[in-house]
Each structure stands twice: as C-alpha cells, then as structure tokens.
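The numbers here are math on the coordinates, done by the rules we state, and not lab data. Just so we're clear, the structure is a prediction, and the values are computed from it rather than from any experiment. No Cβ is skipped: glycine too gets one built from the backbone with ideal geometry, and neighbour counts run over all protein chains shown.
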Amino acid sequence: MTFVEANKIFQVWKSWYWPFDFILGSVFLAKKPKSFLPFPEEVLEEALNIVAKYYFDAGDIKLSKLIQESIPAIWQYTDDEAAFKEASATFSKPEMREIILLHINKFKNDWINSLIKQKESNTFNPKSN
C-alpha cells in the first residue's frame, strides 16, 4: 500500500473514529460488529501504521503516537453475530440499559460541545474537550 492510499484510508478513519467508534462502544461495549468498520481491519491497521510512520519520520511524534493509539480500537471488533448476542444479553439487564443510556448522553453532550468548539475555532479536534 502506498502512502497516498494509506492516507486516504486514514482521512476516513480520523473522521469516523471518534464519533462512531465511541457510540458503537457505548452500545456494544467491548465487542463491536466488524461490519461497522469503514475498511477491513487488516487494511485499516496497515494504513494507520504507514501514516503513523510517515508522521514519525517527518518529526510529528505527537500525531504519530495518536494514530498508533487508535489501532487497538480496531482489535475490539468481532464477528457480527457474537457482538449482537452480547449486546442482546447486555440490553436484557435494566441496570445495564441505564448505564448505556448515561454513556450515550455523555457522548451526545461531548459531541455537541465539540461541534460548538469546532464552529468557534473553525477546526476539528475532539480531544480538546
């Protein structure tokens, strides 16, 4: 895979990762369905490693590290059937439904605050919350 190809995948990942991985984690907890990934996990991991190395070699150690730290999130995706079975078992418990709803509401508030900050500064940095 070339850097240009890897960077295109990275651009999708960085737009997708924070809102979607987080909300899927809120619903599916540790086992998220693979079908939700924007690319196959091997392709994502290869692309992220290529882009992280590029930024490392260019001297942007901070961005390289942030990219590398997102890779383990890919490993939390599993067979769709297993993820849906686990989510079903989780949702059958009233206390877990409450926890999930609290988590989703926190995400919603964080997302709204991020959008407001983005509009104010005309940039996007979800880690700035």
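Table for the structure above
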{"item": "Förster-model FRET efficiency, 35 Å R0, Arg97 and Glu69, C-beta, rounded to 0.05", "result": "0.70"}
{"item": "Per-residue HN-Hα couplings for region 8-19 [Karplus 6.51, -1.76, 1.60; θ = phi - 60°; Hz; x = Gly/Pro]", "result": "4, 5, 4, 4, 5, 4, 5, 7, 7, 4, 5, x"}
{"item": "The chain - charge dipole about Cα centre, Lys and Arg +1 at Cβ, Asp and Glu -1, debye rounded to 20", "result": "500"}
{"item": "Label point distance in nm, Ser15-Asp79, each placed 7 Å from Cα along Cα→Cβ", "result": "3.4"}
{"item": "Förster radius 25 Å - calculated FRET efficiency between Lys106 and Glu45, Cβ distance, rounded to 0.05", "result": "0.30"}
{"item": "0 to 90° range, to nearest 10: angle between helix 94-121 axis and the chain longest Cα axis", "result": "30"}
{"item": "Cα→Cβ-extended label distance, 7 Å offset, between Ser88 and Asn7, nm", "result": "4.5"}
{"item": "Gyration tensor over alpha-carbon atoms, the chain, equivalent ellipsoid semi-axes in Å", "result": "28, 21, 10"}
{"item": "For region 21-33, Karplus couplings with θ = phi - 60° (6.51, -1.76, 1.60), whole Hz, Gly/Pro x", "result": "4, 5, 5, 5, x, 5, 8, 9, 6, 7, 10, 9, x"}
{"item": "Of Lys32/Lys85; Lys14/Lys85; Lys14/Lys65; Lys8/Lys31, pairs whose Cα-Cα distance is over 18 Å", "result": "Lys14/Lys85; Lys8/Lys31"}
{"item": "Sites Glu120 and Asp60 - FRET efficiency at Förster radius 30 Å, r taken between beta-carbons, to 0.05", "result": "0.75"}
